[in-house]
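**Student:** Below is one structure. I have some questions about it.
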Amino acid sequence: MRIKLSKITSKGKALFLAYDHGMEHGPTDFNDKDVDPDYILDIAIKGKYNGIVFQKGIAEKYYKGKIPLILKLNGKTNLVKGEPLSTQLCSVKEALELGAKAIGYTIYVGSAHEAKMFREFEKIQKEAHNHGLPVIAWMYPRGKAIRQPRSKKITAYSARLGLELGADIAKLQAPNKIEHLSWAVKSAGKTKVVIAGGLKCTPKKLLEKTHKIMETGAIGLAIGRNVWQHKEPIKITKALKKIIFENKPVKQAMKELR
Ligand code: FBP
């Protein structure tokens with residue numbers, strides 16, 4: 001089935017706000033303000049994001065429409081050690097009932113448990129597509145077999161797996177050298193690529209990185225900490241949008257931060 005991405009993209013580009021960190025890291029990433037999902041929803045709505053990424057529990061208690069919901073269907077804590085495995089916590093049916101416009105699922109590429117996530121993803125992808133829902137796969141290479149998760153080779157392999165498995169969008173972590181992303185984007189074929197933000201860095205670094213990312217053919221970002229940990233999240237959002245949707249240089253985007 002050919003899935004339309006128009007509900008979660010603008011002009012073929014995308015800026016998603018990720019907020020599944022409470023599950024993945026615990027509340028250590030949060031402060032008094034951004035621990036509150038309503039604060040994040042407000043940023044997503046005012047910043048006119050293409051989607052907000054929540055786990056089921058947050059969506060049930062806080063989501064009120066106004067912005068496309070991307071529901072994460074699996075997750076794990078960082079407390080369990082050993083080979084990473086993220087299993088399904090919510091169904092496609094529940095996602096639809098909550099009003100999701102797309103679903104998200106993490107695959108730890110190269111983990112000893114990779115096959116289990118592949119199988120689960122296959123069922124979810126099929127069901128989501130039967131309902132016309134796009135599927136975003138967090139393709140994160142991890143586990144003891146993965147020595148260089150940010151290398152050109154492994155980044156491209158993760159992107160290609162997104163295509164092979166039927167993801168509509170593959171969310172990747174930026175490779176060590178951003179220019180290596182071009183090969184990953186090419187390897188992903190008709191599967192679109194978005195990039196995670198990573199640990200908070202300076203706004204200038206973030207904008208420069210985003211500019212380079214956009215040059216590789218990726219369609220945008222699915223970003224969390226660098227936006228909601230920023231003291232003025234709407235300003236950094238506007239700066240990112242200048243680059244992603246208007247193809248403006250970093251210097252011009254920086255003006256949004258004044
Ligand atoms: P950031 O932009 O804050 O890096 O968020 C992206 C993200 O993929 C989240 O969706 C997810 O919770 C987190 O990173 C996973 O982080 P980790 O690399 O520790 O698994």
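**Student:** Looking only at residues in the range 8-43 that are among the basic types (Lys, Arg) and within 20 Å of residue 219 (Cβ to Cβ), which one is nearest to the ligand (Cβ to nearest atom)? If you could, list the steps in order and put the result at the bottom.
**Tutor:** Step one: list which residues in the range 8-43 are among the basic types (Lys, Arg), which gives 11, 13, 33.
From what's left, within 20 Å of residue 219 (Cβ to Cβ): 11, 13.
Numbers: 11: 22, 13: 17 Å.
Among them, the one singled out is 13.
**Student:** When the residues of the range 73-82 are filtered to those that are under 20 Å from residue 119 (Cβ atoms) and of a type outside the set (A, V, I, L, M), which remaining residue is farthest from the ligand (Cβ to nearest atom)?
**Tutor:** 82
Per-residue answers, yes or no, for (1) more than 15 Å from the ligand (Cβ to nearest atom); (2) of a type in the set (Gly, Ala, Ser); (3) out of contact with any Phe, Trp or Tyr (no Cβ under 7 Å at 6 or more places or on another chain):
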{"site": "49", "(1), (2), (3)": "no, no, no"}
{"site": "61", "(1), (2), (3)": "yes, no, yes"}
{"site": "64", "(1), (2), (3)": "yes, no, yes"}
{"site": "84", "(1), (2), (3)": "no, no, no"}
{"site": "89", "(1), (2), (3)": "no, no, yes"}
{"site": "96", "(1), (2), (3)": "yes, no, yes"}
{"site": "104", "(1), (2), (3)": "no, yes, no"}
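**Student:** Please work out if residue 185 is open to solvent by 10 Å² or more (accessible area, probe 1.4 Å), free of Cβ contacts under 8 Å to residues at least 40 places away in the same chain and not in a loop (DSSP other than H, G, I, E, B).
**Tutor:** Details: open to solvent by 10 Å² or more (accessible area, probe 1.4 Å): yes; free of Cβ contacts under 8 Å to residues at least 40 places away in the same chain: yes; not in a loop (DSSP other than H, G, I, E, B): yes.
Answer is yes for this residue.
**Student:** Going through the range 47-67 one residue at a time, which ones are open to solvent by 40 Å² or more (accessible area, probe 1.4 Å) and polar (S, T, N, Q)?
**Tutor:** Within the range 47-67, none qualify.
**Student:** Spot the failing condition for residue 70; the list is (1) within 13 Å of the ligand (Cβ to nearest atom); (2) open to solvent by 10 Å² or more (accessible area, probe 1.4 Å); (3) touching a residue at least 24 places away in the same chain (Cβ under 8 Å), and only one is missed.
**Tutor:** (2)
**Student:** Follow-up question, since we're still on this one. Could you tell me which of the residues 215, 246 is farther than 17 Å from residue 16 by Cα, among the acidic types (Asp, Glu) and more than 13 Å from the ligand (Cβ to nearest atom)?
**Tutor:** Numbers: 246 fails: farther than 17 Å from residue 16 by Cα.
That would be 215, the only listed residue that is farther than 17 Å from residue 16 by Cα, among the acidic types (Asp, Glu) and more than 13 Å from the ligand (Cβ to nearest atom).
**Student:** Can you tell me which residue within the range 116-145, out of those that are away from the ligand (no atom under 13 Å from the Cβ) and aliphatic (A, V, I, L, M), is most open to solvent (accessible area, probe 1.4 Å)? Explain how you work it out, then say what you get.
**Tutor:** Applying the first criterion (away from the ligand (no atom under 13 Å from the Cβ)) to the range 116-145 yields 116-135, 144-145.
The next check asks that each one be aliphatic (A, V, I, L, M); those that pass are 117, 124, 128, 133, 135, 145.
Numbers: 117: 1, 124: 4, 128: 0, 133: 9, 135: 0, 145: 77 Å².
Result: 145.
**Student:** Separate question: With the requirement that a residue be part of a loop (DSSP other than H, G, I, E, B) and open to solvent by less than 10 Å² (accessible area, probe 1.4 Å), what does the range 198-252 give you?
**Tutor:** Let us first name the residues in the range 198-252 that are part of a loop (DSSP other than H, G, I, E, B), namely 198-202, 216-219, 224, 229-232, 247-249.
218, 224, listed by residue number.
The values are calculated or read from the model by the stated rules, or taken from the named source; none is laboratory data. The shown structure was predicted, so the numbers you read here are calculated from the model rather than taken from an experiment. All Cβ positions, even for glycine, are placed from backbone atoms using ideal geometry, and neighbour counts span all protein chains on display. The accessibility values were calculated without ligands, DNA or RNA, using every heavy atom of the protein model including side chains. Shrake-Rupley method; radii C 1.70, N 1.55, O 1.52, S 1.80 Å.
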